[in-house]
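Colleague: Please find one structure pasted underneath; my questions will follow.
A short reminder: the numbers here are calculations on the coordinates, not readings from a lab. This one's a predicted model, so the numbers in the text were calculated from it and none came from an experiment. A quick note on method: Cβ atoms are made from the backbone with ideal geometry, for glycine too, and the neighbour counts reach across all protein chains shown.
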Amino acid sequence: LFARSAGVAASALKAAREAGVQKIVMHAAKADGAWAPAAARADLALAKSLGASALCTDAFLADDPNEGAKLQTFVQTAKPVKVIIGRRAFDDVLERRPHMAERRDVLNRLGAAGVSAVYTSGGTGDAWTGRKTLKELLLIAKHVPGSPTIIVSGGVVLDRVKRLAAYTGATTFALDHADAPEPEPIDETEVEAREEVRPPMPAPDAP
C-alpha cells in the first residue's frame, strides 16, 4: 500500500481488509535529504492511525553507523508498526558496500536497531539480474542473529518467483505493482555457468 494521501490510503486499506488481507505494509512517500525524516514521521503517524502492520521507508542511510541511534528511536516510536527498509535505500547500501563483511555488519546493525525487514533486488533494480548477490545476502543473513528478513523485490512477477526461490533460497517476495514495467523475459536458451557463491561470513561477536 503506497501512501499518497490519508483518504486514498484509508480507502485502499479498507478494501484490502474486506478482501481478507491480514498484514498490510504501507510504503512511505518518497523524500530525500533533510525532508526525509520528517516525511517518514508523517507517514508513520498515518500508518499508525490506519492500523497498518508495517511501514517501508527509504528515509535512513542504512549503512551509516551515525544513523543507528536515529533509526532505533524511530523503530521504538513506530511500535506496534514494524519498520522495513525500502529497496531504494538498501540497494544503495549494496552499491556502497560491495564486501561481504560490510554487508554482514549492516544487517547486524539493522537487526540491533529493531528493523523487521529489508526490500532488495540485489542492487540492480531487477531481482533476476541481481540473483547472485541475493543468494549471497541470504547466506549472510542466516549467520547474523536477529537479521532483518530479506524480501526480494524488483522485477518480481509470478512466473519468476519459483526460479528466484530455487536459485537464491529466498522465501519472501514482493510482487511488482500493476503499473510497473514488465521485466525482460528470461532467456531460456542461455546456458548459465556454474556460479560460485562466496561462503558466508561468521556471525559478528556479540557486544
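Colleague: To the nearest 0.05, how large is the calculated FRET efficiency for ALA15 and LYS70 if R₀ is 25 Å and r is the Cβ-Cβ distance?
Modeller: For R0 = 25 Å, the calculated efficiency reads 0.15.
Colleague: Residues with beta-carbon under 12 Å from that of SER116, excluding SER116: net charge, scoring Lys, Arg +1 and Asp, Glu -1?
Modeller: +3
Colleague: Is the C-alpha gyration tensor of region 41-113 telling us rounded, prolate or oblate? Criteria: a/c under 1.5 is rounded; beyond that, a/b larger than b/c is prolate, otherwise oblate.
Modeller: The shape class here is prolate.
Colleague: Spin-label point model (7 Å from Cα, Cβ direction): what's the GLU184 to ALA45 distance in nm?
Modeller: About 4.5 nm, to one decimal.
Colleague: What is the calculated FRET efficiency for ALA166 to ARG88, with r their C-beta to C-beta distance and R₀ = 35 Å, to the nearest 0.05?
Modeller: E(calc), rounded to 0.05, equals 0.85.
Colleague: Give, as a single signed number, the net charge of other residues whose beta carbon lies under 10 Å from the beta carbon of THR77, with Lys and Arg counted +1 and Asp and Glu -1.
Modeller: Every neighbour counted, the sum reads +3.
Colleague: Rounded to two decimals, what is the ratio between the C-alpha radius of gyration of region 63-156 and 2.2 N^0.38 Å?
Modeller: So region 63-156 has a normalised radius of gyration of 1.01.
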